[in-house]
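**Student:** Below you will find the structure I want to go over with you.
The values are calculated or read from the model by the stated rules, or taken from the named source; none is laboratory data. Just so it is clear, the structure is predicted and the values come from calculations on it, not from any experiment. Backbone-built Cβ (ideal geometry, glycine too); neighbour counts: all protein chains shown.
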């Protein structure tokens, strides 16, 4: 309303009073089970993570609360960052494999025509 | 000890179909859950085990196996295929004249659901801000289509005919009657691709002599989450590879009955010394109906399971994009989601500094 509307952040961090950096709830805006569950899986695969889970706050709100608790005072942003990079790498590998296999399949289909 | 190890492996790798329920549904191979197993994420291990096999591929559908992946990520791909891969669809309908019996709003809804063949990767999203709502579409975000048709009597129809196909001209309005009206430089940019409905034979309305339709439509880019008309797939689903194990040899009448409990081609009978012996030939074909568990003498003879990390994907396209392109686009969407939050994390840290 007043001038240029500031762009809403996609990510917020919520911490309980007195909690250390290892216990953080991240609010991921405009996300659902698609990213929530796959990211939870990647983060649960990290050794230093004690707890990782997410909830969809309400069906009419398009955001998720993503909770990470770590062991040994590790900042919760670290496993989150690693989870996101790992998930990107997984996708890249799936993409490369998929494209290679589809091309192979298409070539094989063309061969009997000769 | 060895027996329990085997048990643990089964819990980790198989979903068991029991008589009264399905066991080991959830992924449990996380670090710390099983002593003696290294479950921490290992990219090399993943790359070594991961495999994709294309089973079938044509212009409208495909089937492929994705092996060595967790359900969480496979399900993300499926969800993105259904709801987050963008396509172009009719969003605004300007009705200048509609004297048919189909009401304007019903007609507009029908038009919206027609798949439009146009590569969504070549278009931008239209701005949805408040002041942008009034804005006209431009060549980078809008496709204009026109439907202008009028029904009339066929002068050459025989007098005693009662067949509407012979009596009237243009009395059936099909999707092929929708014509593309290029905006700006679109005629040059999309010269070699035909923009218009994917299918020619979708019936939109029926007219009688004197009735006419005069409609301009605007197609915009959107995603299935917003409206199902933007969904690029007719369906996208996966199932886990079934595994059927016979615990003991089954012969004679029992073998015949066992064979009938499963889908055709799953179990075949082999002739061994004049006796018919059941053998699992192709468990992939099974629908996992669990019919066999209703037979008291057979239910302990077989073990029904599914491989936890073997996904058989089926993707059926609406025809806007080929199914293999849809899957690659879906993977890219998930990567973009990750990138969005990685960027956000980096900018947060810069702010604190």
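**Student:** With the structure loaded, tell me whether residue B:88 is surrounded by 12 or more Cβ atoms within 10 Å (Cβ to Cβ) and within 14 Å of chain A (Cβ to nearest Cβ) or whether it fails that test.
**Tutor:** Values: surrounded by 12 or more Cβ atoms within 10 Å (Cβ to Cβ): yes; within 14 Å of chain A (Cβ to nearest Cβ): no.
So residue B:88 does not fit the description; no.
**Student:** Evaluate the following for residue B:162: is it more than 29 Å from the chain's Cα centre (by Cα), assigned to a loop (DSSP other than H, G, I, E, B) and surrounded by fewer than 16 Cβ atoms within 10 Å (Cβ to Cβ)?
**Tutor:** yes
**Student:** Could you check residue B:288 against (1) assigned to a loop (DSSP other than H, G, I, E, B); (2) without any contact (Cβ under 8 Å) to a residue 24 or more places away in the chain; (3) crowded, with 18+ Cβ neighbours inside 10 Å and say which number it fails?
**Tutor:** It is condition (2) that residue B:288 fails.
**Student:** For residue B:65, are the conditions met, namely being surrounded by fewer than 15 Cβ atoms within 10 Å (Cβ to Cβ), in contact with a strand residue (DSSP E or B) (Cβ under 7 Å, 6 or more places away or on another chain) and either modelled with pLDDT of 95 or more or in a strand (DSSP E or B) (or both)? First the steps, then the outcome.
**Tutor:** Numbers: surrounded by fewer than 15 Cβ atoms within 10 Å (Cβ to Cβ): no; in contact with a strand residue (DSSP E or B) (Cβ under 7 Å, 6 or more places away or on another chain): yes; either modelled with pLDDT of 95 or more or in a strand (DSSP E or B) (or both): yes.
So residue B:65 does not fit the description; no.
**Student:** Of the conditions (1) surrounded by 12 or more Cβ atoms within 10 Å (Cβ to Cβ); (2) within 36 Å of the chain's Cα centre (by Cα); (3) modelled with pLDDT of 95 or more, residue B:103 satisfies every one except a single condition; which number is it?
**Tutor:** (1)
**Student:** Moving to a separate point now. Can you name every residue in region A:88-114 that is more than 9 Å from chain B (Cβ to nearest Cβ) and surrounded by 12 or more Cβ atoms within 10 Å (Cβ to Cβ)?
**Tutor:** A:96, A:103
**Student:** Name the strands (runs of 3 or more DSSP E) wholly inside region A:2-62 in which the number of residues that are within 8 Å of chain B (Cβ to nearest Cβ) is 2 or more.
**Tutor:** Filter on region A:2-62 gives A:11-14.
**Student:** Which is away from chain A (no Cβ under 14 Å), in contact with a strand residue (DSSP E or B) (Cβ under 9 Å, 6 or more places away or on another chain) and within 30 Å of residue B:233 (Cβ to Cβ), of B:111, B:169? Walk me through how you get there before you give the answer.
**Tutor:** On the way: B:169 fails: within 30 Å of residue B:233 (Cβ to Cβ).
Checking each option against the conditions leaves just B:111.
Conditions tested, residue by residue: (1) over 23 Å from residue B:54 (Cβ atoms); (2) touching a helix residue (DSSP H, G or I) at 6+ places or on another chain (Cβ under 6 Å); (3) modelled with pLDDT of 95 or more.
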position: B:232; (1), (2), (3): no, yes, yes
position: B:236; (1), (2), (3): no, yes, yes
position: B:251; (1), (2), (3): yes, no, no
position: B:311; (1), (2), (3): no, yes, yes
position: B:315; (1), (2), (3): no, yes, yes
position: B:320; (1), (2), (3): no, no, yes
position: B:331; (1), (2), (3): no, yes, yes
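Table: residues versus (1) in a loop (DSSP other than H, G, I, E, B); (2) more than 10 Å from chain A (Cβ to nearest Cβ).
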site	(1), (2)
B:19	yes, yes
B:37	yes, yes
B:48	no, yes
B:52	no, no
B:55	no, no
B:77	no, no
B:80	no, no
B:97	no, yes
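**Student:** Need at least 1 residues that are more than 27 Å from residue B:306 (Cα to Cα) per element, so show me which strands (runs of 3 or more DSSP E) inside region B:203-282 make the cut, counting only ones lying wholly within it.
**Tutor:** Correct list: B:203-206, B:212-222, B:267-272, B:275-280.
**Student:** I need a count of the residues in region B:182-200 that are in contact with a helix residue (DSSP H, G or I) (Cβ under 7 Å, 6 or more places away or on another chain) and over 14 Å from residue B:118 (Cα atoms). Show your work before the answer.
**Tutor:** Residues of region B:182-200 in contact with a helix residue (DSSP H, G or I) (Cβ under 7 Å, 6 or more places away or on another chain): B:197, B:199-200.
Keeping just the survivors that are over 14 Å from residue B:118 (Cα atoms) gives B:200.
The qualifying residues number 1.
**Student:** Something else now. Take region B:291-309 and flag every residue that is over 19 Å from residue B:55 (Cα atoms) and either out of contact with any strand residue (DSSP E or B) (no Cβ under 8 Å at 6 or more places or on another chain) or surrounded by fewer than 17 Cβ atoms within 10 Å (Cβ to Cβ) (or both).
**Tutor:** B:291, B:294, B:295, B:296, B:297, B:298, B:299, B:300, B:303
**Student:** So residue A:70 ticks every box in (1) touching a helix residue (DSSP H, G or I) at 6+ places or on another chain (Cβ under 8 Å); (2) within 11 Å of chain B (Cβ to nearest Cβ); (3) surrounded by 20 or more Cβ atoms within 10 Å (Cβ to Cβ) but one. Which box is left unticked?
**Tutor:** Among (1) touching a helix residue (DSSP H, G or I) at 6+ places or on another chain (Cβ under 8 Å); (2) within 11 Å of chain B (Cβ to nearest Cβ); (3) surrounded by 20 or more Cβ atoms within 10 Å (Cβ to Cβ), the lone unmet condition for residue A:70 is (2).
**Student:** Touching a strand residue (DSSP E or B) at 6+ places or on another chain (Cβ under 8 Å), within 14 Å of chain A (Cβ to nearest Cβ) and not in a strand (DSSP E or B): is that true of residue B:342 in this structure?
**Tutor:** Criteria not met by residue B:342.
**Student:** Could you list, in sequence order, all residues of region B:296-328 that are in a helix (DSSP H, G or I) and within 10 Å of chain A (Cβ to nearest Cβ)?
**Tutor:** Hits for region B:296-328 are B:323, B:324, B:325, B:327, B:328.
**Student:** Consider residue B:31 against the criteria (1) surrounded by fewer than 16 Cβ atoms within 10 Å (Cβ to Cβ); (2) over 29 Å from the mean Cα position of the chain (by Cα): it satisfies all of them except one. Which criterion is unmet?
**Tutor:** (1)
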